[in-house]
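Visitor: Below is one structure. I have some questions about it.
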Amino acid sequence: MPKGSPELTASRREEIINACEKLYENMSFKEITIKEIGAVTSFTRTSIYNYFQTKEEIFLALMQREYEQWAEELSAVSVRNNAMSAEDFADAIAISLEKRAQLLKLLAMNHYDMEENSREERLTDFKAAYGASLDAMRACVSKFFPDVNTESFIFVFFPFLFGVYPYAVATEKQLTAMREAKLDFKMHSIYEMIYSCVMQLLGGKK
């Protein structure tokens, strides 16, 4: 890590993560390189290695930030409300993840390779952020729905999130292939899938 103030270090890390996020809007994970990321930062490409050793570490940091922001949103839902109906809770969770399409897109990636190519301390930071989102969801479910088995909800809902993005977003190439394959397939929005899943887990209607 280079010498400098903690504020400068945090600012540089954030700039690198933001650059990666911007590129990921129009490029695939395979297409994005450290060189590509460096080209859209205000400092040299080689300086990136002072903050992240691999491309995977940058993506992991991006996903960590997404989990941190989502956990804050979930905590706010718990603080703002004394009670919630299943419908209102499902709506709040669906809206929170509809705004976090980036997180859902990252979840559709191969985590094993991403985590394997990151240093242990970076992986630990990421796991802490992921754990915070689990805890925030547990707090919501146990507060608003004490009769629901919280761990069963978590066990189903969080793995479910890994498959949401591919069912909600498809490229024109994918859509053309499905049409040519005469696949009976209907795309659903992120909101629709999250809302339906939460309602079913809470024992409500779809």
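Visitor: When you check Asn110 against the structure, is it within 15 Å of Phe59 (Cβ to Cβ), without any contact (Cβ under 8 Å) to a residue 12 or more places away in the chain and not acidic (Asp, Glu), yes or no?
Guide: On the way: within 15 Å of Phe59 (Cβ to Cβ): yes; without any contact (Cβ under 8 Å) to a residue 12 or more places away in the chain: yes; not acidic (Asp, Glu): yes.
So Asn110 fits the description; yes.
Each row is one residue, and each column tells you yes or no for (1) of a type in the set (D, E, K, R); (2) in the same structural domain as Ile17 (by TED's automatic domain parsing); (3) over 30 Å from Arg80 (Cβ atoms).
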position	(1), (2), (3)
Lys105	yes, no, no
Arg119	yes, no, yes
Phe126	no, no, no
Glu151	yes, no, no
Thr176	no, no, yes
Ala181	no, no, yes
Asp184	yes, no, yes
Ser189	no, no, no
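Visitor: Next question, about the same structure. So, of the residues in the range 11-31 that are hydrophobic (A, V, I, L, M, F, W, C) and without any contact (Cβ under 8 Å) to a residue 24 or more places away in the chain, which turns out to be farthest from Leu62 (Cα to Cα)?
Guide: First, pick out the residues of the range 11-31 that are hydrophobic (A, V, I, L, M, F, W, C): 16-17, 19-20, 23, 27, 29.
Within this subset, residues satisfying the condition of being without any contact (Cβ under 8 Å) to a residue 24 or more places away in the chain are 19, 23, 27.
Working: Ala19: 10, Leu23: 12, Met27: 15 Å.
If we take residues in the range 11-31 being hydrophobic (A, V, I, L, M, F, W, C) and without any contact (Cβ under 8 Å) to a residue 24 or more places away in the chain, then Met27 is farthest from Leu62 (Cα to Cα).
Visitor: Would a scan of the range 136-148 turn up a residue that is among the hydroxyl-bearing types (Ser, Thr, Tyr), closer than 20 Å to Glu72 by Cα and either in the same structural domain as Ser85 (by TED's automatic domain parsing) or part of a helix (DSSP H, G or I) (or both)?
Guide: Initially, the range 136-148 is screened for residues among the hydroxyl-bearing types (Ser, Thr, Tyr), giving 142.
This time we only want the ones that are closer than 20 Å to Glu72 by Cα, so: 142.
Keeping just the survivors that are either in the same structural domain as Ser85 (by TED's automatic domain parsing) or part of a helix (DSSP H, G or I) (or both) gives 142.
Looking for residues that are among the hydroxyl-bearing types (Ser, Thr, Tyr), closer than 20 Å to Glu72 by Cα and either in the same structural domain as Ser85 (by TED's automatic domain parsing) or part of a helix (DSSP H, G or I) (or both), one finds at least one in the range 136-148, hence yes.
Visitor: What single numbered condition from (1) over 19 Å from Glu72 (Cβ atoms); (2) free of Cβ contacts under 8 Å to residues at least 24 places away in the same chain fails to hold for Ile154?
Guide: Result: Ile154 passes all but (1).
Visitor: So is Glu151 surrounded by 14 or more Cβ atoms within 10 Å (Cβ to Cβ) and under 17 Å from Cys197 (Cα atoms) or not?
Guide: Numbers: surrounded by 14 or more Cβ atoms within 10 Å (Cβ to Cβ): no; under 17 Å from Cys197 (Cα atoms): yes.
It is false that Glu151 is surrounded by 14 or more Cβ atoms within 10 Å (Cβ to Cβ) and under 17 Å from Cys197 (Cα atoms).
Visitor: Among the residues of the range 38-58, are any of a type in the set (A, V, I, L, M, F, W, C), free of Cβ contacts under 8 Å to residues at least 24 places away in the same chain, under 24 Å from Cys197 (Cβ atoms) and surrounded by fewer than 18 Cβ atoms within 10 Å (Cβ to Cβ)? Reasoning before the result, please.
Guide: Step one: of the range 38-58, the residues of a type in the set (A, V, I, L, M, F, W, C) are 39-40, 43, 48, 52, 58.
Imposing the further condition that a residue be free of Cβ contacts under 8 Å to residues at least 24 places away in the same chain reduces the set to 39-40.
When the remaining residues are screened for being under 24 Å from Cys197 (Cβ atoms), the result is none.
No: zero hits.
Visitor: While we're on this one: Would you mention how many residues in the range 74-107 are in contact (Cβ under 8 Å) with a residue 24 or more places away in the chain and farther than 15 Å from Val164 by Cβ?
Guide: Residues that pass the stated criteria total 11.
Visitor: Continuing with this model, one more query. Name the single residue that is modelled with the highest pLDDT among those in the range 92-116 being of a type in the set (S, T, N, Q) and crowded, with 16+ Cβ neighbours inside 10 Å.
Guide: Just the residues of the range 92-116 that are of a type in the set (S, T, N, Q), to begin with: 96, 102, 110.
Still in the running and crowded, with 16+ Cβ neighbours inside 10 Å: 96, 102.
Numbers: Ser96: 97, Gln102: 93.
If we take residues in the range 92-116 being of a type in the set (S, T, N, Q) and crowded, with 16+ Cβ neighbours inside 10 Å, then Ser96 is modelled with the highest pLDDT.
Visitor: Enumerate the helices (runs of 4 or more DSSP H) found wholly within the range 163-206, keeping only those where 1 or more residues are acidic (Asp, Glu) and over 29 Å from Ala90 (Cα atoms). Give the steps one after another, and end with the answer.
Guide: On the way: elements: 164-168, 172-180, 190-201.
Output list reads 172-180.
Visitor: Additional query: Residues in the range 2-10: is at least one loosely packed, with under 15 Cβ neighbours inside 10 Å, in a loop (DSSP other than H, G, I, E, B) and in contact (Cβ under 8 Å) with a residue 40 or more places away in the chain?
Guide: Looking through the range 2-10, at least one residue is loosely packed, with under 15 Cβ neighbours inside 10 Å, in a loop (DSSP other than H, G, I, E, B) and in contact (Cβ under 8 Å) with a residue 40 or more places away in the chain.
The values are calculated or read from the model by the stated rules, or taken from the named source; none is laboratory data. Note that the structure is a prediction, hence the values are computed from the model and not measured. So basically every Cβ, Gly included, is an ideal-geometry build from the backbone, and we count neighbours across all protein chains shown.
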